[in-house]
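For reference, the structure I am asking about is given below.
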Amino acid sequence: MITWLRQRSILPICESVLAPANDQSSMNPLFRTKPLPPIFTDIRILALFGSVAATILVLSTFVLFRRVSQQSGLPHGPQVHVSGESVDTATRKLAVPEDDRAVEKLTVNDIKIVEPGEASMSVRPDPVRIKQPCEALLVLDVEATCVQGSDFHWPNEIIEWPVCLMRWKDKDADGIANRLEVAAEFRTFVKPTWRPTLTQFCTNLTGITQKQVDHAPTFPEVIDQFTKFLSDNGLIHPETGQRLIRFFWCTDGPFDIRDFVIKQCFISKIHLPPWIRGDVMDVRKVVSRIAYHEGRKGSGKKAFAFQKRLSLNLTSQLRFLNLSPFIGRQHSGIDDTRNIARIVSELARRGVRLEPNTYIQADRRWQWMGKPGEILEEYLS
Ligand SMILES: *[C@@H]1O[C@H](CO)[C@@H](O)[C@H](O)[C@H]1NC(C)=O
Ligand SMILES: *[C@@H]1O[C@H](CO)[C@@H](O)[C@H](O)[C@H]1NC(C)=O
């Protein structure tokens with residue numbers, strides 16, 4: 001600072017201003033107290049410090065006020081928009097798979113603030129027709145091998161690959177629609193290769209038997225069959241594999257593609273198929289945000305704490321949307337997938353703009369990953 005002032009020739013000016021006073025003090029013994037450093041005595045320097053301090057004070061008061069008003073749910077201009085918005089930097093940060101806990105924490109930063117007047121999420125059960133950016137959606141809920149007590153760091157192998165292909169039934173020339181229905185299904189069991197024997201725990205959880213996986217194709221074979229399913233349904237080009245229409249994937253939570261598919265591709269020594277690259281719509285995140293928004297309207301202050309940990313499972317999502325209870329067997333891949341499809345269809349009917357909200361990191365690695373396909377067992381706890 002001093003050097004800067006000297007360079008700007010401010011300091012030499014104040015030194016020269018002070019010079020007579022110093023001379024005086026040398027003449028008069030009464031004035032021979034230690035003189036103040038020149039920097040504190042010049043009015044211009046004081047003004048400079050003063051205005052910097054005032055600016056800092058004003059800024060921090062503004063930030064503090066914003067926080068307090070957000071926490072207490074006070075209106076402060078823009079509305080909160082809760083639909084599954086496209087991935088922004090805040091969401092991307094949240095979706096980077098460092099946090100493997102089953103409960104995803106949502107923060108205020110995840111909620112896009114839109115100016116009043118912009119269309120906000122309709123959470124009422126009335127049908128709403130809006131412009132929808134995608135042509136088709138692929139709902140997926142894989143089942144994978146698991147051992148009791150293992151966490152998300154285990155090398156799970158996919159044992160069921162169930163997909164519902166959803167299409168708009170009423171999309172007009174302007175892209176406006178609200179009827180999204182299952183147009184086709186693809187479902188197969190998958191034979192695990194690293195640990196071909198299922199645990200009793202896994203069979204109990206998923207309902208999948210040893211016999212079903214023993215007779216199933218391996219994951220690379222399933223990928224080939226599924227690629228054909230996509231081209232048969234006009235989603236990708238049969239030769240080039242290029243996307244022919246705009247579609248994306250929907251899952252309940254980020255785990256299916258972010259964890260299970262990425263791990264399985266490593267174990268099977270294959271690349272992530274191009275048709276699954278890109279971001280995903282986490283349906284749980286969309287419904288949980290709507291539920292938060294509703295709760296916030298109702299309960300004021302309490303909603304802030306409530307929101308932080310809100311993550312609704314399928315049963316609760318169905319109940320929240322006033323749909324009939326879960327149909328089928330929980331943790332059966334195809335049944336989970338069909339129920340997620342019911343939820344997505346309801347979101348579409350209510351006019352929620354459906355689009356990706358979760359970032360998938362294709363090159364994600366776990367400690368147990370050695371060379372492609374190699375599982376370093378010493379890293380498994
Ligand atoms: C699996 O289910 C059976 C029958 O319900 C039960 O007896 C057994 O303890 C369960 N095993 C595990 C590992 O969960
Ligand atoms: C879903 O969440 C609700 C509420 O937290 C809980 O009571 C219920 O047991 C959960 N259902 C399943 C199948 O995990």
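Restricting the search to the range 187-198, which residues are surrounded by 14 or more Cβ atoms within 10 Å (Cβ to Cβ) and either at pLDDT below 95 or not in a loop (DSSP other than H, G, I, E, B) (or both)?
Answer for the range 187-198, where residues must be surrounded by 14 or more Cβ atoms within 10 Å (Cβ to Cβ) and either at pLDDT below 95 or not in a loop (DSSP other than H, G, I, E, B) (or both): Thr188, Phe189.
Further question on the same structure: What do you reckon, is Gly370 surrounded by 14 or more Cβ atoms within 10 Å (Cβ to Cβ) and among the small types (Gly, Ala, Ser)?
Considered against the rule, which asks whether it is surrounded by 14 or more Cβ atoms within 10 Å (Cβ to Cβ) and among the small types (Gly, Ala, Ser), Gly370 comes out as no.
For the list (1) under 29 Å from Gln317 (Cβ atoms); (2) more than 16 Å from ligand 1 (Cβ to nearest atom), I need the number of the one condition that Thr203 fails.
(2)
From Ile375, Ile343, Ile334, Ile327, which residue is within 16 Å of ligand 2 (Cβ to nearest atom), touching a residue at least 40 places away in the same chain (Cβ under 8 Å) and assigned by TED's automatic domain parsing to the domain that holds Val139?
Ile343
Residues Asp363, Asp336: which one is surrounded by fewer than 18 Cβ atoms within 10 Å (Cβ to Cβ) and not basic (Lys, Arg)?
Being surrounded by fewer than 18 Cβ atoms within 10 Å (Cβ to Cβ) and not basic (Lys, Arg) holds for just one of Asp363, Asp336, which is Asp363.
Can you find a residue that is modelled with pLDDT of 95 or more, in a helix (DSSP H, G or I), surrounded by 15 or more Cβ atoms within 10 Å (Cβ to Cβ) and within 16 Å of ligand 2 (Cβ to nearest atom) anywhere in the range 227-234?
no
Every residue in the range 133-153 that is out of contact with any Phe, Trp or Tyr (no Cβ under 7 Å at 6 or more places or on another chain) and either of a type in the set (Lys, Arg) or modelled with pLDDT of 95 or more (or both), please.
Matches in the range 133-153: Val139, Asp141, Glu143, Thr145.
So, in the range 328-381, how many residues would count as being in a helix (DSSP H, G or I) and closer than 20 Å to Ala183 by Cβ?
Matching residues across the range 328-381 total 17.
Is there a residue being of a type in the set (Lys, Arg), touching a residue at least 24 places away in the same chain (Cβ under 8 Å) and surrounded by fewer than 17 Cβ atoms within 10 Å (Cβ to Cβ) anywhere in the range 203-223?
no
Under 6 Å by Cβ, and 6 or more places apart or on different chains, what pairs join a residue from the range 142-159 that is farther than 21 Å from Ile340 by Cβ and in the same structural domain as Ala216 (by TED's automatic domain parsing) with one that is among the aliphatic types (A, V, I, L, M) and part of a loop (DSSP other than H, G, I, E, B)?
Filtered contacts from the range 142-159: no entries.
The values are calculated or read from the model by the stated rules, or taken from the named source; none is laboratory data. This one's a predicted model, so the numbers in the text were calculated from it and none came from an experiment. Don't worry about glycine lacking a Cβ; one is built from the backbone with ideal geometry, like all the others, and counts go over all protein chains shown.
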